[in-house]
Each structure stands twice: as C-alpha cells, then as structure tokens.
Amino acid sequence: MMIGPTLPAELKAALDGKLQGFSRTDAAQRSQKISTAYRAGGGSATIKSEADALAYALARMPATYAAVAASLNALTEIAPGFAPETLLDVGAGPGTASWAAAEAFPSLQDFTLLDANASLSRLALELARDSTRLAECRYLPGDAGGNLAEVSQADLVVASYIIGELNEGDQRKLADAMWAKARHALVVIEPGTPAGYARILALRQQLIAAGAYVAAPCPHEKPCPLIAPDWCHFSQRLPRSQAHRQIKGAEVPFEDERFIYVALTRTPPAARAARVLTPPDVGKAEINAKLCTEAGIALTKVPRRDKPAYADARRWRWGDAIMSES
C-alpha cells in the first residue's frame, strides 16, 4: 500500500491540539535556533523543554514524515509481500517514523521507540496517546546505541535523520547494532545532502559486507556508479499548513524535502527495478531520463514515435522504480 506525504489525520489533530495557546512567534524562534544547531552538526541537545520539542515537531515533522513515507513506499513497491508485525524506531524523536510505518504497514502491531531526548519522548507519547495504532507504543529513553542491546529483534527497523548526529566510529557501531536487530528489513533515511549521501553509502557498504541485500533505491549491491560531484538523493513535495508556514517564515504553500535512504533486507528482492535519478526531461521529440540500473547508469531516450513507451515514460517521476526499462 502506497501512502501519501501528508501527516495522518490523527497526528495532525494531536499536533493542532498542542498548538492551542502556543505562540507561533515563539515557536518560530525556537525552531530557528534548533535548525541552526542541527546544520552546525549538533544533535537534539538544543531541544530542552516541552516548548522546544513542540516547535521542532511543528517545523520538521511534516517534511521528515514525507521523506520516511516515500522511503517506506519504495520498500513496499519492491517487496509487496512484506508484512512486518514489529517495529523498532531508532532515534525516534517525536515518533515521526513510527507514524509513517503504521500507515505503510497495517500489519504492524508492536512499536518500540528509542531516543535519548526526554522532551521529544514525552511529546511522542502525548501525540500517540489517542492513536488507534500507536497508543500502546513503548518509548525507551537513553542512548539508542546502548538501548539497542537490550531490545528484542523487530521485523522492521527504521532510523530517520539520526546517524548524522554521530561520529564515524559510532555510526559504524550503530549500523551493526541496527542490522543485528532487523529480523527482515532495515530502512535508514538521511538528509539529501552530499554528506547525508556519504553516510548512507558507508552504511550500505558496511551492511552489504555483513550479508544485507539492497531493496531500494539501488537495483544492485555493487558500488554506487555515480561520480562526484554528482550524488544520489530524492525529493518529496508536501503541502504546508498555515501554522507550518508561520513557523518556517515561508510564503510558499509547499515544501520540497530532499532526502537519501537505503532499504536493506535479509533476502534478495524477487525483482530488481531501475531507479529514476533526476527529474526526466520531457521534450516534444523524446523523453530523456537518467536511470540507475543493474548494469550502472543509463541515459535513456524514449522517442515520441514509440507511443506506448513514451506515454509510460511521461509518468516517470524522480525517485520512481521502473520495473522494466524502455
């Protein structure tokens, strides 16, 4: 089941409820301070209060949710029979990835969230309190790396926007620990920057060496064929609510979240899909598309005279899986 990029109605209602009496100006100032700290390479240590946590959630939850949703959609497209019952959300923050996973997988029954930030964990539990799916979730405080040793395996492990907060050595330890807890699949999402791509590449290489298979976005386990300064990343457009625009100080009614992800599985995918790496160039005579294929990068031309193939290629979007190349 493919899910949309917008927050589920229950989560939106819970956030709107928290907004009552909350100053948008104060939220904007707090979120700006937190964003500056993240961009400088810091983590969630700047989020020290309920107001900080709510400001962060209002500013970042919509975009993070959209990126996680797109990443989980990519996994379900390649592994349509995957029906996890247990989830482990590493570096869960306000619980964004758990909400997305609950939407993507109706089979999920058990949710365990890990995060060291007490303010974010309190907010996550408050947002989930009246949820039909997440009300019984477990949130374990403390360092995710340390807590991973204590928790049971889960069918699906998700880590969104967390590994960038760690040094290189801790990133490798966390990757091994998460893979050890993933009974069937691990999905890791990072910002779609060259640095985020480099972190995903390193984790991908490390876990392929440990026996993982790549379900998405790559159609192979070979080294990435892209050559610097090019890098792999994707974009998800999402609408902005009035409150979201106010807190972000934005006029545009939508946001484009750039992200990079890898979905790793214990068993090889039944089918491999080429991946659209950039927005296709739709011309009058032909469509030009850059695809990542099992054989490497393919610059594919689909002529207009091949009407069925052209009509099919017109529907291609950046990030799409193409099950059979034209």
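The values are calculated or read from the model by the stated rules, or taken from the named source; none is laboratory data. These numbers were taken from a predicted model, which means no experiment stands behind them. Note: accessible area is taken over every heavy atom of the protein model, side chains too, but ligands, DNA and RNA are not part of it. Shrake-Rupley method; radii C 1.70, N 1.55, O 1.52, S 1.80 Å.
Miscellaneous remarks
- Whole-number percent relative contact order across the chain, with pairs defined as alpha carbons under 8 Å at least 6 apart: 17 percent
- Antiparallel content of DSSP bridges confined to the chain, in %, to 5: 60 percent
- Rounded Å value of the spacing that divides the Cα centres of the range 95-129 and the range 206-262: 21 Å
- Remark: relative contact order (the range 80-215) = 23 percent; criterion is Cα-Cα distance under 8 angstrom and separation of 6 or more residues.
- The range 170-312 shape via C-alpha gyration tensor axes, a/c threshold 1.5: oblate
- Entry comment: accessible area of the chain is 46 Å² per residue, from protein heavy atoms only and a probe of 1.4 Å.
- Evaluated over the chain, the count of Lys pairs having alpha-carbon atoms less than 28 Å apart is 19 (only pairs 8 or more residues apart or interchain).
- Full extension of the chain segment joining residue 152 with residue 50 gains 33.8 nm, where the gain is 0.36 nm per residue of separation less the Cα-Cα distance.
- With every protein chain in place, the range 175-326: carbon and sulfur % of accessible area (1.4 Å): 55 percent
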